[in-house]
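Taken together, the values in this text are just the output of simple stated rules run on the coordinates, not laboratory data. Source: prediction; values computed, not measured. Positions of Cβ are generated from backbone atoms using ideal geometry, with glycine treated the same way; all protein chains shown enter the neighbour counts.
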Amino acid sequence: TERTLCMIKPDGVERNLIGNVLTRIESAGLRIVALRKLRLTKAQAEGFYAVHKERPFFQSLVDYMTSGPIVAAVLEGENAIAVWRGLMGATNPANADAGTIRKDLALDVERNTVHGSDASETAAQEIPYFFNAMELQ
Ligand code: ATP
Ligand code: MG
């Protein structure tokens with residue numbers, strides 16, 4: 001079994017899509033082991049996306065990710081990282097497969113509704129960014 005970090009980004013929270021996304025997660029058999037709604041500070045968003053700090057879209061991404069509340073969750077299951085990335089679909093919704101969250105719900109390549117860890121090392125960094133040991137039962 002494996003854990004991954006999920007976020008419902010500001011565009012998803014703003015458009016009342018929290019329940020839609022969480023239903024897809026539970027219907028796929030992933031368990032929600034931790035869940036929180038919060039608003040990232042600029043420093044927290046910059047830290048979370050530090051790997052992208054040299055990319056041209058970095059400042060816009062930080063502005064967007066701090067524009068409103070998000071939902072963070074830890075998901076658990078067999079191959080949870082790949083299963084959740086599969087439910088999300090491609091980064092750019094224009095390239096996402098039918099039936100994925102990003103195809104069905106996302107607005108554009110930046111406002112793409114959800115985040116998922118991309119590897120086990122990334123999940124191991126991202127999960128403690130939002131949740132402490134007591135919250136991860
Ligand atoms: P995430 O890390 O949020 O799960 P991802 O792994 O599919 O998404 P990354 O390449 O890690 O995509 O990019 C992180 C985020 O930066 C994207 O989800 C999107 O919000 C934004 N982003 C990525 N590429 C672009 C781009 N070309 N223009 C604008 N924003 C972008
Ligand atoms: Mg990524």
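Below are the figures for this structure:
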| item | result |
| --- | --- |
| Size of the stretch 11-85 as Cα extents on the principal axes (Å, biggest first) | 36, 26, 18 |
| Percent of Cα-Cα distances greater than 24 Å, calculated over the chain | 22 |
| Violating pairs (Cα-Cα greater than 19 angstrom) within the set Lys9/Lys37; Lys53/Lys103; Lys37/Lys103 | Lys53/Lys103; Lys37/Lys103 |
| Loop GluC sites (Glu not before Pro), the stretch 30-85, which have at most 11 other Cβ atoms in a 10 Å radius of their Cβ (DSSP) | Glu54, Glu78 |
| Cβ-based exposure ranking for Ser67, Ser117, Ser27, in which fewest neighbours within 10 Å come first | Ser27, Ser67, Ser117 |
| Reciprocal of mean inverse Cα separation for the stretch 35-79 (Kirkwood radius, Å) | 11.6 |
| MRE, 222 nm, helices only [DSSP H, n ≥ 4, -39500 (n - 2.57), over the chain, to nearest 500] | -10500 deg cm²/dmol |
